[in-house]
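Engineer: Mind having a look at this structure? Questions to follow.
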Amino acid sequence: LCDFLKSLGWSGAQTVDASTGPWHEQLTKVLPGLSVLSQKPIPPADIESVLNGIVSLLVEMPQSAMPNTVDLFCKAVCSLNLKLALAGGAQAEDAKQQQQQQQQQVANVAPSVREAAAACKVSPLQNLFRILPENSPLRYTVYLALVETASEEKRMNQVVTDRVQLRNWMSDWQCSPEDRKTLWRRLHSALTRSGDTASANACLIDLMDAYTEQDASKARDEAIMCIVATLSDDSVYIMDHLLSLKPIQFLEGELIHELLMIFVSGSLTDYLTFADKNADFVRGLNICAESCMNKLRLLTLMRLAENKLELDYALLQDELKMESDDLEEFIIDAARKEAVFCKLDEVQRKVLVYGTTHRTFGRAQWTSLRHTLQQWHDNLQEVQTKLQVLAPGELDEIPSTTGQPSTAVSS
């Protein structure tokens, strides 16, 4: 390995002597030499072979030496610019000209070269992650490097980003609260760059959840970013879960928290009043005003549908600030999104409501659900009793449900 890197022009080869000292100490001296892989066009198979060869050595090292060496290896892989090397490298002597030449060359790299470069960097890190024991804390270091590399090489689809799986892994790795915050931050950045906005915003929720009441004040900027990201996400309408997060609670009394409360339980009228009173603040959030209004229209409709079984067109036009021609299309779209379950009565100009998605789901909603299930249980029991009277003996094989649902509901 040392001879190969030396043949590429690595000047530090003379510091390595495999015949003296433990081999793993010599390996740590070799790792800085991986930087030469970015300086010359080398066949991708050779690069991948070198990196995978180091992976096979890492797992054979003494446990005490692994943390430092694995960290050095991950940093070395992340810093490689293989797209530039495979494209031929930059030859200009002047530093500024060389940088410009590098940027131009990387921009002109062919897709096949990009794929080769991505495979050379991502594959060895994936192999190291798989080889390490599932509960090894070193997996945390490798995962962060894998996220950084996959993001740079546009291969985030090859990285496990399932939040439940990641929480389980971090528990197995015995990650500290700060380690958890670091992972969620980096994953959020990587997913944002990859265009997966919904998953990136979900990482912000987990980041907020990693804070406690003691350090929530340190997350003010991130808490604001979390709220703004949620408000800007057209796919998110229910936001009451944010209120339980400590950094969000710390913002209570500020304008951003007041705005969040409007989206949690307020109406379109409330938003328009707030936006008019705090125009500069709202403008500074860089949230699309039209998007906010459309979201508040839907949330306002959901709130109205919670309390009434019939909604007059005139009431809806007033509450939603819409013309009659646009109202029906909006209601149909809301039903398609399952925000409300309803039917249009065009003759009487009414919306007949059968049900709605609740904007908040607290104790009152759980109590209502329990009442509905209890009613359902009682009605089924009554039907079963009447059937047994009408057809005695024929329903003996049907198991009785007496007591079972009510017990479950009480639980």
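Engineer: Here are some pairs, 246/295; 40/121; 321/343; which of them have Cα atoms lying more than 18 Å apart in this structure?
Structural biologist: Too far apart for the 18 Å limit: 246/295; 321/343.
Engineer: When the expected Rg is taken as 2.2 N^0.38 Å, what fraction or multiple of it is the alpha-carbon Rg of segment 211-287?
Structural biologist: Details: Rg = 12.3 Å, N = 77, 2.2 N^0.38 = 11.5 Å.
My calculation over the Cα atoms of segment 211-287 gives 1.07.
Engineer: Just the accessible area for residue 342, please: 1.4 Å probe, Å², rounded to the nearest 10?
Structural biologist: Result for residue 342: roughly 40 Å² accessible.
Engineer: Name the most mobile residue of 148, 323, 252, meaning the one with the largest mean-square fluctuation, in a Gaussian network model of the chain with Cα contacts below 10 Å.
Structural biologist: In the Gaussian network model the winner is 323.
Engineer: Sticking with this structure for a sec: Looking at the square roots a ≥ b ≥ c of the eigenvalues of the Cα gyration tensor of segment 286-331, which shape do they give, rounded for a/c under 1.5, prolate if a/b is larger than b/c, or oblate?
Structural biologist: Because a/c hits 1.5 or more and a/b fails to exceed b/c, segment 286-331 counts as oblate.
Engineer: For segment 161-247, what is the charge dipole size about the Cα centre, in debye to the nearest 20, if Lys and Arg each add +1 at the Cβ and Asp and Glu each add -1 at the Cβ?
Structural biologist: 200
Engineer: Something else about it: Ignoring ligands, DNA and RNA, what accessible area per residue does the chain give at 1.4 Å, in Å²?
Structural biologist: Value returned for the chain: 55 Å² of accessible area per residue.
Engineer: Any idea of residue 350's accessible area? Nearest 10 Å², probe 1.4 Å.
Structural biologist: 50
Engineer: Follow-up question, since we're still on this one. Percent relative contact order of the chain, based on C-alpha pairs within less than 8 angstrom and at least six residues apart?
Structural biologist: Relative contact order, the chain: 8 percent.
Engineer: Sorted by accessible area (1.4 Å probe), largest first, how do 7, 199 line up?
Structural biologist: Correct descending sequence by accessible area is 7, 199.
Engineer: With a cut-off of 8 Å between alpha carbons and a minimum separation of six or more residues, what is the relative contact order of segment 211-287 in percent? Please list the in-between numbers first.
Structural biologist: Details: 46 pairs, mean separation 25.8, N = 77.
Normalised by residue count, the contact order of segment 211-287 is 33 percent.
Engineer: Please report, as a whole percent, how much of the solvent-accessible surface of segment 211-287 comes from carbon and sulfur atoms (probe radius 1.4 Å).
Structural biologist: 51
Engineer: Looking at the chain as a GNM with Cα springs under 10 Å, which of 186, 363, 130 has the largest mean-square fluctuation?
Structural biologist: For the chain, modelled as a Gaussian network with Cα springs under 10 Å, the answer is 363.
Engineer: Relative to the longest principal axis of the C-alpha atoms of the chain, give the angle of the C-alpha long axis of helix 220-232, reported between 0 and 90° and rounded to the nearest 10°.
Structural biologist: 60
Engineer: What order do 354, 237 take when sorted by accessible area (1.4 Å probe), most exposed first? Write out the running numbers ahead of the final one.
Structural biologist: On the way: 354 155, 237 50 Å².
Highest to lowest solvent-accessible surface, that is 354, 237.
Engineer: For the chain, give the magnitude of the charge dipole about the Cα centre (Cβ charges: +1 Lys/Arg, -1 Asp/Glu; no others), in debye to the nearest 20.
Structural biologist: That gives the chain a dipole magnitude of about 1120 debye.
Engineer: Would you tell me the accessible area of residue 359, worked out with a 1.4 angstrom probe on the heavy atoms of the protein chains, in Å² to the nearest 10?
Structural biologist: About 10 Å², rounded to the nearest 10.
Engineer: Sorted by packing (mean other beta-carbon atoms within 10 Å per residue), highest first, where do 210-219, 149-158 land?
Structural biologist: Highest to lowest by the protection proxy: 149-158, 210-219.
Engineer: Could you tell me the center-to-center distance, by alpha carbons, between segment 166-185 and segment 268-334 in angstrom?
Structural biologist: Centre-to-centre distance over Cα atoms comes out at 40 Å.
Engineer: Right, another one. Would you work out if the chain is rounded, prolate or oblate? Take a ≥ b ≥ c from the square roots of the eigenvalues of the alpha-carbon gyration tensor; rounded if a/c is under 1.5, else prolate when a/b is larger than b/c, oblate otherwise.
Structural biologist: In terms of gyration-tensor shape, prolate.
Engineer: Answer with one residue from 264, 143, 380: the one whose Cα lies farthest towards the positive end of the charge dipole of the chain, charges on Cβ with Lys, Arg +1 and Asp, Glu -1.
Structural biologist: Selected residue: 143.
Engineer: Next question. Using only the Cα atoms of segment 266-365, what semi-axes does the equivalent ellipsoid have when each is the square root of 5 times a gyration tensor eigenvalue? Give whole Å, largest first.
Structural biologist: 25, 17, 11
Engineer: Using only Cα atoms and rounding to the nearest 10 degrees, what angle (0 to 90) does helix 289-307 make with the longest principal axis of the chain?
Structural biologist: Roughly 40 degrees, rounded to the nearest 10.
Engineer: Can you tell me the dipole magnitude for segment 266-377 around its Cα centre, using point charges on the Cβ only (Lys, Arg +1; Asp, Glu -1), in Debye to the nearest 20? Mind showing how you got there, number by number?
Structural biologist: Numbers: 15 positive and 18 negative charges, 142 e Å.
With only Lys, Arg, Asp and Glu charged at Cβ, the dipole is about 680 debye.
Engineer: Then there's this: Tell me, in nm to one decimal, what length is gained between residue 318 and residue 255 on full extension, where the rule is 0.36 nm per residue of separation less the Cα-Cα distance?
Structural biologist: Contour length minus Cα-Cα distance gives 20.1 nm.
Engineer: Most fluctuating residue of 277, 295, 40 in a GNM of the chain with Cα springs under 10 Å: which is it?
Structural biologist: 277
Engineer: As a test of reading the structure, rank 341, 4 by solvent-accessible area (1.4 Å probe, protein chains only), most first.
Structural biologist: Working: 341 90, 4 65 Å².
From most exposed to least exposed: 341, 4.
Engineer: For residue 228, what charge total do you get from the other residues with a beta carbon under 15 Å from its beta carbon, if Lys and Arg give +1 and Asp and Glu give -1?
Structural biologist: Combined, the nearby Lys, Arg, Asp and Glu give -3.
Engineer: Among 315, 368, 304, whose Cα sits farthest toward the positive end of the charge dipole of segment 296-373 (+1 at Cβ of Lys/Arg, -1 at Cβ of Asp/Glu, about the Cα centre)?
Structural biologist: Working it through, the farthest residue towards the positive pole turns out to be 368.
The values are calculated or read from the model by the stated rules, or taken from the named source; none is laboratory data. On a predicted model such as this, the values are computed, not experimentally measured, just so you know. No Cβ is skipped: glycine too gets one built from the backbone with ideal geometry, and neighbour counts run over all protein chains shown. Just the protein is used for accessible areas: all its heavy atoms, side chains included, with ligands, DNA and RNA removed. Shrake-Rupley method; radii C 1.70, N 1.55, O 1.52, S 1.80 Å.
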